[in-house]
């Protein structure tokens, strides 16, 4: 065990390196983006008319997206083309629009618009995704926090929460959850789909951002939420969201959504009051590029995995070396997705992240994985290992590990 | 004057031609779109880093849009870059998002979210744009109809309406109004900017979709609403919207908005909860294409006018020939924009449009230019002459004129 003094010396020497490293946000690496560069200019004036008969430059085409794009992306969510909507970049925007209309008008089966309730409530999983929390709180939802477990949302907590009719839904990441990397089990899916809810319009908002983002060769394939809800007799209970933000480009990709045909008919009519339709040129770029890519989306994701797996491996290696026998932290070993979730044993997450910052290593602010940035135990740290090159990442994780040890030692010192 | 029988014979013979013509929606012609075809693949992997320092493939860049795009488009709205937001396609979507947040949270200076009022009210101009009416009604606004005049919204009616604190704003088209082609006068702008309103957060939503869409060489240049509101001491009163839907491509263009820096700071924070930012690749395509176009946006609009002016001219010619001395209709002679607004003298708009449809000519449904599709006098018909080739348009307008004469004669006959 390194002493406080040893750790201080080691920290000062790391600080002296003048590092400027960033493992703050879940962003692909430049090498990941490079795989899709051909997408940028793949559509030319020769492609103006789609096979489905639309001029990509003109208005007609509808709010649901190009038929070719719906056909291409539905499979990713285990849905049928007629259950799928493809939009512009950002699935978060599609989710926001559904939530907005839920508040202003209600969804299929709603007894009233959700904002007629003084404070509509939404279940969220913790640790979870900061942008979900921010969106919900700005929209006026009260968040009910339930634990994320290796099987997905803690279903005992969920089933307890949904006895309240003001609880209108759950928003979470079903596959390789941000940040824990957990994926729903078949049992969780079945329970979510079939549980009795006090609100007749209780809705599952599943942000399946990492659904094809595997790091292992033989990924788990959980039961599909859309099909499970259908089987349970609650066909309109779920909306699935995903995007190509980490398949092609984060800024100029496509978001998409799948839900029952009844839901899609209802919500696309409301979406249709907001715009005539998404950018069809960008949709055609994706269709052309991904259809031509060897192995399609699956083939492209394998190439991404080849670039990302070594980063998760080096992070695991350094964390094991530095903290493995320390008893100071545990962390996830994800089989996909974009994050490693680390929990310190002592309440030192904030202090460790602050120490990192001082040493030139930017990490997601401690607490960000909880609503309002408040981690009640101050133990969770989200590591985003995907963007920096391996050598930089190795250094960043070393700094983080040293900072966790130093912060823990400081606390011990303070307690004496 | 042609007799009812003459008109019936002429109508039957036109019907016998088996026409299939469409002057229903305000869409550019293929020749207009062709001017921008180079835009489709103008950005390649060599352009990945913008001058402003953003990778167009990655997330960072912000909700306000690429600095280069803000710089380029602000001038169209007479705004400064720091007052301008550039989004994805469709200004209607940007408008929708502002209205959504106004309802859920309120705008700068709001005493409460607008949906805390039982039925917030919005002034609209008639005849006007059907998509505005649809959006407002689906969102739960009550619409207060005021007449569109050659000087813009009827200000006596507007000033009367804003004495009601539930009247939260006005939504209209300030330049070459849809469908009348009217443009606000300086006096209207000054009165809108300076009038006393019962609601402290009364807001002007100006959909300036046709702001640079001139058909004449020396267009009127009305006072800028943003500057006028600033001068009147109501700097946060106005949001301006526009897009490149009829500059480059209707489906794959860009929407943009200008408002005070205080408003933009407030609303972009809320927009930022819905997505990380717009598609930067599409923004860079526009920046590259429009910056390189001879004469820039102005130069491109002159090329559009060359293609569109003959269409407005032929429509005017046929209407004059067929209806000029009939006393059966009056119509606008727009100096810009996308529409001709025709008013029959007798209440026959619905019947005339139905006759057109039977004869294979699709026209915007009569009534569409009023909320809920209800034209109280049944006299207004919107003509969209921009999309068909000149020869087809000539035939379509002839059919419309004959149908108006026939419908009017039928009514006279019925009255006897």
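The values are calculated or read from the model by the stated rules, or taken from the named source; none is laboratory data. Just so it is clear, the structure is predicted and the values come from calculations on it, not from any experiment. No Cβ is skipped: glycine too gets one built from the backbone with ideal geometry, and neighbour counts run over all protein chains shown.
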Please note which helices (runs of 4 or more DSSP H) are completely contained in the range B:253-370 and include at least 1 residues that are farther than 26 Å from residue B:44 by Cα and at pLDDT 95 or above. B:261-271, B:296-323, B:349-358
Report yes if residue B:186 is surrounded by fewer than 24 Cβ atoms within 10 Å (Cβ to Cβ) and at pLDDT 95 or above, otherwise no. yes
Just give me the residues in the range B:165-193 being part of a loop (DSSP other than H, G, I, E, B) and under 13 Å from residue B:143 (Cβ atoms), in sequence order. B:166
Test: residue in the range A:334-347 that is without any contact (Cβ under 8 Å) to a residue 60 or more places away in the chain and touching a helix residue (DSSP H, G or I) at 6+ places or on another chain (Cβ under 7 Å): no
When the range A:379-394 is examined, which residues are found to be surrounded by fewer than 18 Cβ atoms within 10 Å (Cβ to Cβ) and touching a strand residue (DSSP E or B) at 6+ places or on another chain (Cβ under 8 Å)? A:392
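Do we find a residue being free of Cβ contacts under 8 Å to residues at least 12 places away in the same chain, outside the structural domain of residue A:341 (by TED's automatic domain parsing) and closer than 19 Å to residue A:376 by Cβ anywhere in the range A:91-106? Walk me through it before giving the result.
At the first step, the residues of the range A:91-106 found to be free of Cβ contacts under 8 Å to residues at least 12 places away in the same chain are A:104.
Retained after the next criterion (residues that are outside the structural domain of residue A:341 (by TED's automatic domain parsing)): A:104.
Still in the running and closer than 19 Å to residue A:376 by Cβ: none.
Checked the range A:91-106: no residue is free of Cβ contacts under 8 Å to residues at least 12 places away in the same chain, outside the structural domain of residue A:341 (by TED's automatic domain parsing) and closer than 19 Å to residue A:376 by Cβ.
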Taking residue B:221 as meeting all but one of (1) under 18 Å from the mean Cα position of the chain (by Cα); (2) surrounded by 24 or more Cβ atoms within 10 Å (Cβ to Cβ), write down the number of the exception. (2)
Complete set of residues in the range B:342-377 that are farther than 21 Å from residue B:144 by Cβ and out of contact with any strand residue (DSSP E or B) (no Cβ under 8 Å at 6 or more places or on another chain): B:346, B:347, B:348, B:350, B:351, B:354, B:355, B:358, B:359, B:365
Positions within the range A:19-46 being more than 8 Å from every other protein chain (Cβ to nearest Cβ) and closer than 24 Å to residue B:29 by Cα, in sequence order: A:46
Residues B:134, B:171: which one is within 14 Å of chain A (Cβ to nearest Cβ), at pLDDT 95 or above and crowded, with 24+ Cβ neighbours inside 10 Å? B:171
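In the set A:95, A:85, which member is within 18 Å of the chain's Cα centre (by Cα) and surrounded by 20 or more Cβ atoms within 10 Å (Cβ to Cβ)? Walk me through how you get there before you give the answer.
Values: A:85 fails: within 18 Å of the chain's Cα centre (by Cα).
A:95 is the lone residue from the list that is within 18 Å of the chain's Cα centre (by Cα) and surrounded by 20 or more Cβ atoms within 10 Å (Cβ to Cβ).
For the range B:288-299, what are the residues that are away from chain A (no Cβ under 14 Å) and within 25 Å of the chain's Cα centre (by Cα)? First the steps, then the outcome.
Going through the range B:288-299, the residues away from chain A (no Cβ under 14 Å) turn out to be B:290-299.
Answer for the range B:288-299, where residues must be away from chain A (no Cβ under 14 Å) and within 25 Å of the chain's Cα centre (by Cα): B:290, B:291, B:293, B:295, B:296, B:297, B:298, B:299.
Can you find a residue in the range B:209-228 that is outside any helix (DSSP H, G or I) and closer than 19 Å to residue A:274 by Cβ?
From the range B:209-228, those outside any helix (DSSP H, G or I) are B:209-224; that's our starting set.
Filter again for closer than 19 Å to residue A:274 by Cβ, leaving B:209.
Yes, the range B:209-228 contains a residue that is outside any helix (DSSP H, G or I) and closer than 19 Å to residue A:274 by Cβ.
Quick check on my filter: what residues within the range B:61-85 are within 13 Å of chain A (Cβ to nearest Cβ) and in contact with a helix residue (DSSP H, G or I) (Cβ under 7 Å, 6 or more places away or on another chain)?
Quick first cut of the range B:61-85, residues within 13 Å of chain A (Cβ to nearest Cβ) only: B:61-63, B:65-66, B:69.
Matches in the range B:61-85: B:61, B:63, B:65, B:66, B:69.
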Note on residue B:105: of the conditions (1) over 25 Å from residue A:244 (Cα atoms); (2) at pLDDT 95 or above; (3) more than 8 Å from chain A (Cβ to nearest Cβ), unmet is (3)
How many residues, within the range A:8-60, are more than 30 Å from residue A:303 (Cβ to Cβ), in contact with a helix residue (DSSP H, G or I) (Cβ under 9 Å, 6 or more places away or on another chain) and not assigned by TED's automatic domain parsing to the domain that holds residue A:215? 6
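Could you tell me whether residue B:407 is without any contact (Cβ under 8 Å) to a residue 40 or more places away in the chain, in contact with a strand residue (DSSP E or B) (Cβ under 8 Å, 6 or more places away or on another chain) and within 25 Å of residue B:13 (Cβ to Cβ)?
No; evaluated as a whole, the condition is false for this residue.
One residue is enough: does the range B:27-45 have a residue meeting the conditions in contact with a strand residue (DSSP E or B) (Cβ under 8 Å, 6 or more places away or on another chain) and closer than 30 Å to residue A:42 by Cβ?
The initial filter retains those residues of the range B:27-45 that are in contact with a strand residue (DSSP E or B) (Cβ under 8 Å, 6 or more places away or on another chain), namely B:30, B:33.
Restricting the remaining residues to those that are closer than 30 Å to residue A:42 by Cβ gives B:30, B:33.
Within the range B:27-45, one or more residues are in contact with a strand residue (DSSP E or B) (Cβ under 8 Å, 6 or more places away or on another chain) and closer than 30 Å to residue A:42 by Cβ.
With the condition kept exactly as written, say whether any residue in the range A:267-279 is more than 14 Å from chain B (Cβ to nearest Cβ) and touching a residue at least 12 places away in the same chain (Cβ under 8 Å).
Initially, the range A:267-279 is screened for residues more than 14 Å from chain B (Cβ to nearest Cβ), giving none.
So far as the range A:267-279 goes, no, none of its residues is more than 14 Å from chain B (Cβ to nearest Cβ) and touching a residue at least 12 places away in the same chain (Cβ under 8 Å).
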